[in-house]
Amino acid sequence: MVAAVAIIGFSSFNLVENYNSAGLMWYPVDATGNISSTGNSSPTSGCSDQQLPIVCEIQLESNPNGTPPANHIDDTQLEGGSVPFSSAKFREEN
């Protein structure tokens with residue numbers, strides 16, 4: 001009985017852990033529009049909320065493994081693609 005409870009508890013923990021790894025994440029965007037494969041739970045750069053010419057970070061719903069659902073800014077709804085975004089941060093052109 002105790003073993004069954006332990007197995008169920010461990011399985012539930014793994015499901016919660018997998019669920020928590022997916023969610024809204026901030027992904028840096030480089031100067032050519034490529035979205036980083038590594039995100040953070042909060043914005044990390046000094047980018048602006050004001051809509052400027054260049055996207056420098058974008059908030060997307062991550063895949064279960066923590067990666068973004070798009071590789072390039074053109075694939076997001078921000079640039080006319082199909083992948084929805086929650087928010088974005090911007091910077092001036094350099």
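Derivation of every value follows stated rules applied to the coordinates shown; laboratory data play no part. Small disclaimer: the values here were computed from a predicted structure and weren't measured. Note: ideal-geometry Cβ built from the backbone for every residue, glycine included; neighbour counts use all protein chains shown.
Within the set of other residues whose C-beta is less than 12 Å from the C-beta of residue 33, count the net charge using Lys and Arg as +1 and Asp and Glu as -1.
Overall, the nearby charge balance is -4.
Give me the extension gain from residue 38 to residue 51: residue separation times 0.36 nm, minus the current Cα-Cα distance, reported in nm with one decimal. Full-extension gain reported as 2.4 nm. Under 5 Å between amide hydrogens, built in the peptide plane, is the criterion, and for residue 62 it picks out 23, 24, 25 among residues at least 5 positions away or on other chains. Under 5 Å from the amide H of residue 54 lie the amide H atoms of 91, 93, each residue being 5 or more positions distant or on a separate chain, with H modelled from the backbone and absent for Pro and chain starts.
Count Lys and Arg as plus one, Asp and Glu as minus one, and take only other residues whose Cβ is under 14 Å from that of residue 51; the net charge is then -3.
Counting Lys +1, Arg +1, Asp -1, Glu -1, what net charge surrounds residue 84 among other residues with beta carbon under 13 Å of its beta carbon? All intermediate terms of the calculation are to be shown ahead of the outcome.
Values: positive: none; negative: 61, 75, 79.
Within the 13 Å Cβ shell, the charges total -3.
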